[in-house]
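Here the structure is laid out as structure tokens; the discussion comes afterwards.
The values are calculated or read from the model by the stated rules, or taken from the named source; none is laboratory data. This structure is a prediction, so every number in the text was calculated from the model and none was measured. Cβ placement follows ideal geometry from the backbone for every residue including glycine, while neighbour counts extend to all protein chains displayed. Note: areas computed on protein heavy atoms with side chains; ligands, DNA, RNA excluded. Shrake-Rupley method; radii C 1.70, N 1.55, O 1.52, S 1.80 Å.
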Amino acid sequence: MNRFVGTPLRHLPVPLPEDYLLGIDQQKLDFEEGQPSWLAGQWHSHGRWYYYLYALFVKVPPRFLLLAVSTLVTIPSMGRRYLIPENMVVIMPAAVVLVLVSSQTGFNKHLRYILPALPFAFVLIGCAWVKCFAGRSWGMRLVALGCLIWGTLSSLSVWPRSLTYFNELAGGPEYGDRHLLGSNLDWGQGVRSLQKWDASRTDDRPLFVACDGLYDPADVGIRCRPVPLQSQPLPPGWYAISINRIHDTKRLSDLFAHRTPDLVIDNCIRIFLVRGEP
């Protein structure tokens, strides 16, 4: 409902598209009601204020982190020279986005909420390096160039599966679920690759699927059945389980969380072969 009912603001027109405001209202409602949040390998009943800082630490290429830390170290040495209006125009939007998003602790699932702050951070880092190191030794320039090359190679190492990127500090994509879930790792993007794998296999074992996504895997030609969660033991066959489902469904977690997969597709779908054992 309109939270301004009974106040002069109730009929105040807002110069924004209706659906845009309704989307913000819906998002705000989700934060107010709260949802379980996965962080650092544990479920929490609500979010944590440091979630996005942690997410940036494990998802952002390390060269950016190194440049960001060096920028924070050099700013105090610049004193008031750095706090000029031109720089504040860049600093303030990044800070506002970070503080605003971090204050919404109803739940944490999506690093994308903080992405609007990153372009400002990139400009801020560039300005700091130009002003601090212009005309100085080639050593600092080589450090900056090395960071850029390192970050580029790190990002390309998982291309085109960039959604599953986790940096070297986090252990890489194969350890991503130890840190974050949701759209940070598994958003149903591996279903097409699962379809190709299913089409290429020559055995006649049944395929059981429990995947995240916005459509049924059968809609893209995957010959599959739902995972029989109530069966004791599981029937023999192939089991394709998305990483999100392994952690957010207790039965699937009990069955597969500590089991080594026979195959991993696109860093987000784990394939297990069950031969009839419990």
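Miscellaneous remarks
- Per-region count, the stretch 250-278, residues without any contact (Cβ under 8 Å) to a residue 40 or more places away in the chain and surrounded by 21 or more Cβ atoms within 10 Å (Cβ to Cβ): 2
- Cβ-Cβ contacts under 6 Å between residues 6 or more apart (or on different chains), taken from a first residue in the stretch 203-223 that is over 14 Å from residue 245 (Cα atoms) to a second residue that is hydrophobic (A, V, I, L, M, F, W, C), are listed as 205/238; 207/224; 207/238; 217/191; 217/209; 217/211; 217/224.
- Search result, residues across the stretch 159-171 that are in a loop (DSSP other than H, G, I, E, B) and either more than 22 Å from residue 253 (Cβ to Cβ) or hydrophobic (A, V, I, L, M, F, W, C) (or both): 159, 160, 161, 165, 166, 167
- Look at the stretch 17-31: where a residue is surrounded by 11 or more Cβ atoms within 10 Å (Cβ to Cβ) and a partner is among the β-branched types (Val, Ile, Thr), sitting 6+ places away or on another chain with Cβ atoms under 8 Å, you get 21/14; 31/105.
- Within the stretch 203-216, the set of residues being under 27 Å from residue 38 (Cα atoms) and either open to solvent by 20 Å² or more (accessible area, probe 1.4 Å) or more than 27 Å from the chain's Cα centre (by Cα) (or both) comprises 211, 212, 213, 214, 215, 216.
- Options 182, 176, 188, 135: the member that is modelled with pLDDT of 90 or more, at positive phi and of a type in the set (Gly, Ala, Ser): 182
- Boolean, residue 200 is open to solvent by less than 40 Å² (accessible area, probe 1.4 Å), of a type in the set (S, T, N, Q) and more than 20 Å from residue 177 (Cβ to Cβ): no
- Residue 230, sole failed condition from (1) modelled with pLDDT under 90; (2) over 25 Å from the mean Cα position of the chain (by Cα); (3) of a type outside the set (Gly, Ala, Ser); (4) surrounded by 12 or more Cβ atoms within 10 Å (Cβ to Cβ): (4)
- Against the numbered list (1) under 26 Å from the mean Cα position of the chain (by Cα); (2) surrounded by fewer than 18 Cβ atoms within 10 Å (Cβ to Cβ), residue 247 comes up short only at (2).
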